[in-house]
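Read the structure below first, then the notes.
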Amino acid sequence: MTIPAKRKARAKTRKGRSHEALKPVQLIKCAKCRQPALPHRACVACGSYNGRTVLTLKSKLPAGKSKPEETAAAA
């Protein structure tokens with residue numbers, strides 16, 4: 001393996017790694033229910049893709065809820 005002739009400065013090394021930074025997730029609005037969804041994937045809220053239903057969901061969640069609320073049983 002060859003040895004570099006000059007030492008690479010820390011700033012130069014870090015500038016070379018600038019493309020490795022994390023990028024924010026790009027979201028689109030579902031055409032049917034207007035909920036945020038990942039592009040090129042079926043909507044999690046309503047199960048539609050490209051304006052038609054492709055998934056049948058067991059229970060539809062209200063807007064803004066990620067999972068159903070659990071009720072605590074009184075002992």
Quick check: is even one residue across segment 10-17 touching a Ser or Thr at 6+ places or on another chain (Cβ under 7 Å) and modelled with pLDDT of 90 or more?
no
Cβ pairs under 6 Å, 6+ apart or interchain, first in segment 1-26 and among the aliphatic types (A, V, I, L, M), second surrounded by fewer than 10 Cβ atoms within 10 Å (Cβ to Cβ) and not in a loop (DSSP other than H, G, I, E, B), ordered by first then second residue, are none
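The values are calculated or read from the model by the stated rules, or taken from the named source; none is laboratory data. Please read these numbers as outputs of a predicted model, since none were measured by experiment. Please note: Cβ atoms are built from the backbone with ideal geometry, for glycine as well, and neighbour counts cover all protein chains shown.
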